[in-house]
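The values are calculated or read from the model by the stated rules, or taken from the named source; none is laboratory data. The structure displayed is predicted, hence computed values, not measured ones. As a convention, Cβ positions derive from the backbone with ideal geometry for all residues, glycine included, and neighbour counts pool all protein chains shown. All accessible areas refer to the heavy atoms of the entire protein, side chains included, with ligands and DNA or RNA removed. Shrake-Rupley method; radii C 1.70, N 1.55, O 1.52, S 1.80 Å.
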Amino acid sequence: MNIVRQRWLNLPTWLRWALSLTFYVTLIGGYVLWQYQRPSGASLYVHNHTDRPIFSYWVNDNWGGNAFAYGGGKTTCCWRITGDKLKVVWILDVTPEQVESGLEEERHELEVANPPRERADDTLHVHFLPGNQVRLAWNHSAGSPLAEELRQQYPRKANDNP
């Protein structure tokens, strides 16, 4: 260690300053670049297109809340959601009418591909569809890019919850 220190001290002062400055600029620049490329925290926004309420759901173990049948609009924040595949777990609840018809709570789990995400996207829209299917979409607002397509595909009945 003394040899390294001695060689350092034998360098011209201007070179020691230049090497020190280069080291710190590289260190700080690398950290800033790393932070810039990391996705920021995200909100989970639920959309339920089924006739069953969602009692609770999770995306990669991050809790997303619940939703009425044919409902949504609830959000939870702020989660780090990363990976090529996302694990979505949800519990289908029952309405009083569904209890009378013999339906019970059901727990489901599905791995879904993480959709493409832009740097500005901070909201993961989780759409629960009939047949225990899930579609995901990233956006930078409360409006889902899948909303119109899914509204036409799964229209609400006149007497359903808003």
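Taking 2.2 N^0.38 Å as the expected size of a compact globular protein, what ratio does the Cα radius of gyration of segment 60-108 give against it, to two decimals? Display every interim value, and only then the final one.
Numbers: Rg = 13.8 Å, N = 49, 2.2 N^0.38 = 9.7 Å.
Expressed relative to 2.2 N^0.38 Å, the Cα Rg reads 1.43.
Assuming R0 = 25 Å, can you tell me the calculated FRET efficiency for the pair Arg5 and Trp34, based on Cβ-Cβ distance, to the nearest 0.05?
After rounding, the FRET efficiency stands at 0.25.
Which residue, Ile28, Ile54, Ile91, has the most motion in a Gaussian network model of the chain that connects Cα atoms within less than 10 Å?
Most flexible of the set in this elastic network: Ile28.
Nearest 5 is fine: what % of DSSP beta bridges in segment 35-94 come out antiparallel, could you say? Walk me through the numbers on the way to the answer.
Details: 13 of 13 bridges.
Roughly 100 percent of the DSSP beta bridges within segment 35-94 come out antiparallel.
What is the extension gain from Leu129 to Leu19, computed as 0.36 nm multiplied by their sequence separation minus the C-alpha to C-alpha distance, in nm to one decimal? Before the final figure, lay out the partial values.
Details: separation 110, 0.36 × 110 = 39.60 nm, distance 5.89 nm.
Fully extending the segment from Leu129 to Leu19 adds 33.7 nm.
Under the rule of -39500 (n - 2.57) per DSSP H run of 4 or more residues, summed and divided by the residues of the chain, what mean residue ellipticity at 222 nm is obtained, to the nearest 500 deg cm²/dmol?
For the chain, the value works out to -8500 deg cm²/dmol.
Of the DSSP beta bridges with both residues in the chain, give the percent that are antiparallel, rounding to the nearest 5.
Of all bridge pairs located within the chain, approximately 80 percent are antiparallel.
May I ask you to evaluate 6.51 cos²θ - 1.76 cosθ + 1.60, the Karplus curve with θ = phi - 60°, for each residue of segment 53-66 and list the ³J(HN,Hα) values in order in whole Hz, giving x for glycine and proline?
Calculated HN-Hα couplings, in order: x, 8, 5, 6, 8, 9, 10, 6, 6, 9, 5, x, x, 9 Hz.
Test of understanding: what is the full-extension gain from Lys85 to Glu148, defined as 0.36 nm times their sequence separation minus their Cα-Cα distance? Could you put the intermediate results ahead of the total?
Values: separation 63, 0.36 × 63 = 22.68 nm, distance 2.46 nm.
Net length gain for the segment: 20.2 nm.
If the elastic network links every pair of Cα atoms under 10 Å, which of Asn114, Asn132, Asn66 fluctuates the most in the Gaussian network model of the chain?
Of the options given, Asn132 has the highest mean-square fluctuation.
Please compute the modelled spin-label separation between Thr26 and Phe55, points set 7 Å along Cα→Cβ, answer in nm with one decimal.
Between Phe55 and Thr26, the label points sit 5.6 nm apart.
Order Asp93, Asp61, most accessible first, counting only protein heavy atoms with a 1.4 angstrom probe.
On the way: Asp93 40, Asp61 120 Å².
Order by accessible area, largest first: Asp61, Asp93.
For the pair Glu111/Cys77, report the inter-label distance in nm, with labels modelled 7 Å from Cα in the Cβ direction.
Inter-label distance under the simple model: 3.2 nm.
Between Pro96, Pro116, Pro145, which gets the highest mean-square fluctuation from a Gaussian network model of the chain, Cα cutoff 10 Å?
Looking only at Pro96, Pro116, Pro145, the largest GNM fluctuation is found for Pro96.
What list of whole percents do you get for P(r) of the chain, with Cα-Cα distances grouped in 10 Å bins up to the one holding the largest distance?
10, 30, 23, 11, 8, 8, 6, 3, 1
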